[in-house]
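K.L.:
The structure follows.
The values are calculated or read from the model by the stated rules, or taken from the named source; none is laboratory data. On a predicted model such as this, the values are computed, not experimentally measured, just so you know. Every residue, glycine among them, receives a Cβ derived from its backbone with ideal geometry; neighbour counts consider all protein chains shown. Surface areas here come from the heavy atoms of the whole protein model, side chains and all, with no ligands, DNA or RNA. Shrake-Rupley method; radii C 1.70, N 1.55, O 1.52, S 1.80 Å.
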Amino acid sequence: MSSSSKPSSPYALPDPLLDLLSQYLQQQVTPTIEIDPEQLAYRWVGGRTGHLEPLVVNLFLSLDDLHGIDTQKSKLVQNTRQFLKGYPANHVLMTGTRGAGKSSLIRALLQAYHSEGLRIIEIARDDLLVLDKIRAAINALPADCNCRYVVYCDDLSFNGQDESYHTLKSVLDGSLDSEQDKLLVYATSNRRHLLPQLMKDNVNIYDGQTDEVNPYETIDETVSLSDRFGVWLSFYPMNQQTYLQIVQHYLSLQQAQITESIVDNSIDSNIDTEVNDNGLPEDIRADALQWASERGGRSGRIAYQFSRYWIGQAQLKAADNQL
């Protein structure tokens with residue numbers, strides 16, 4: 001028997017089983033997370049075994065471009081400035097009507113304060129299980145790093161069987177190391193209480209039909225997550241005047257990005273017509289209201305979409321006229 005050969009161990013696992021175990025571990029273990037403070041924004045992709053994907057951020061949207069939400073904007077700006085200065089600040093939950101500017105506020109904050117160290121990490125609800133590892137990576141940054149991170153979760157809500165919210169609860173408040181000065185969670189949701197509240201729970205309690213010894217603890221559990229956000233910002237449907245003001249603002253912004261010849265041939269010809277109190281020609285005002293009616297409501301998102309539709313239509317008409 002050659003001295004270089006090694007006897008096989010009677011306890012060695014078969015190679016196919018070792019391959020399966022290796023594959024399983026790779027699927028369950030999150031790779032090491034590294035964060036570059038120079039990168040303005042990341043998005044987590046790939047689920048539990050994913051990674052932080054650097055984002056190319058378009059910083060065209062400013063806080064001044066967001067109208068009709070001045071109260072919510074001022075509170076969010078104040079909380080963010082406290083955070084960036086190293087003063088106590090709160091996690092933020094923004095709830096309410098769709099398209100009111102909740103997500104746009106996050107992008108505008110990055111535009112306004114990235115030079116002061118604000119960074120954004122976007123994470124989906126289904127990936128919240130890696131939030132602890134992201135927090136650990138932020139804590140591992142050098143002590144002289146002046147960047148502070150907002151973990152942004154859009155459209156946050158859970159069903160009764162979803163367990164990933166426990167990780168979020170721990171990060172928000174509850175774990176021994178949850179208090180920190182370099183990470184805040186900003187979340188948006190159309191639902192104020194992020195876990196569903198069922199009418200049958202209340203009915204069962206009042207009728208004595210529940211099997212739980214302490215049934216009110218079920219209700220406490222459904223509201224405990226949203227309670228851990230220190231700042232609640234509510235967004236409401238806007239009136240017609242505010243909607244038209246936003247349309248006028250976005251039209252003026254996009255007009256500035258169009259070549260002078262196209263503006264002269266298309267948009268300015270409409271501005272010479274009768275103008276109403278919102279600064280809009282009557283035909284554009286009527287089109288904007290019809291657009292909102294067809295979409296079933298008025299919001300900043302719908303105003304922005306109308307402005308893109310109208311400007312694009314005007315550009316195409318002007319280009320066709322030049323042929």
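K.L.:
Going through A100, A108, A112 one at a time, which residue ends up being small (G, A, S), surrounded by 19 or more Cβ atoms within 10 Å (Cβ to Cβ) and under 28 Å from C145 (Cβ atoms)? Outline the logic, then answer.
P.N.:
Working: A100 fails: under 28 Å from C145 (Cβ atoms); A112 fails: surrounded by 19 or more Cβ atoms within 10 Å (Cβ to Cβ).
Testing whether each residue is small (G, A, S), surrounded by 19 or more Cβ atoms within 10 Å (Cβ to Cβ) and under 28 Å from C145 (Cβ atoms) leaves just A108.
K.L.:
Being more than 19 Å from K75 (Cα to Cα) and either at pLDDT 85 or above or acidic (D, E) (or both): is that true of Y250 here? Give the steps one after another, and end with the answer.
P.N.:
Details: more than 19 Å from K75 (Cα to Cα): yes; either at pLDDT 85 or above or acidic (D, E) (or both): yes.
In short, yes.
K.L.:
Of the conditions (1) open to solvent by less than 50 Å² (accessible area, probe 1.4 Å); (2) modelled with pLDDT of 90 or more; (3) in contact with a Lys or Arg (Cβ under 8 Å, 6 or more places away or on another chain), E53 fails just one. Which one is it?
P.N.:
Every listed condition holds for E53 apart from (1).
K.L.:
Considering only residues that are in a helix (DSSP H, G or I), in contact (Cβ under 8 Å) with a residue 60 or more places away in the chain and open to solvent by 10 Å² or more (accessible area, probe 1.4 Å), which ones fall in segment 124-141?
P.N.:
Let us first name the residues in segment 124-141 that are in a helix (DSSP H, G or I), namely 125-139.
Filter again for in contact (Cβ under 8 Å) with a residue 60 or more places away in the chain, leaving 126-127, 129-130, 133-134, 136-138.
Result: D126, D127, L129, K133, A136, A137.
K.L.:
From L66, L40, L59, which residue is modelled with pLDDT of 85 or more and touching a strand residue (DSSP E or B) at 6+ places or on another chain (Cβ under 9 Å)?
P.N.:
On the way: L66 fails: touching a strand residue (DSSP E or B) at 6+ places or on another chain (Cβ under 9 Å); L59 fails: touching a strand residue (DSSP E or B) at 6+ places or on another chain (Cβ under 9 Å).
Within the list L66, L40, L59, the selection yields L40.
K.L.:
Further, regarding this structure: Go through segment 33-45 and report how many residues are among the β-branched types (V, I, T) and touching a residue at least 12 places away in the same chain (Cβ under 8 Å).
P.N.:
Adding up the residues that qualify gives 2.
K.L.:
Please verify whether segment 107-127 includes one or more residues that are more than 21 Å from E53 (Cα to Cα), modelled with pLDDT under 90 and touching a helix residue (DSSP H, G or I) at 6+ places or on another chain (Cβ under 8 Å).
P.N.:
Within segment 107-127, not a single residue is more than 21 Å from E53 (Cα to Cα), modelled with pLDDT under 90 and touching a helix residue (DSSP H, G or I) at 6+ places or on another chain (Cβ under 8 Å).
K.L.:
Here's something else I'd like to know. Name the pairs: first residue in segment 46-62 and under 25 Å from G101 (Cα atoms), second residue modelled with pLDDT of 85 or more and assigned to a loop (DSSP other than H, G, I, E, B), Cβ to Cβ under 7 Å, at least 6 apart or on different chains?
P.N.:
Partner pairs satisfying both residue conditions: P54/Q39; V57/L40.
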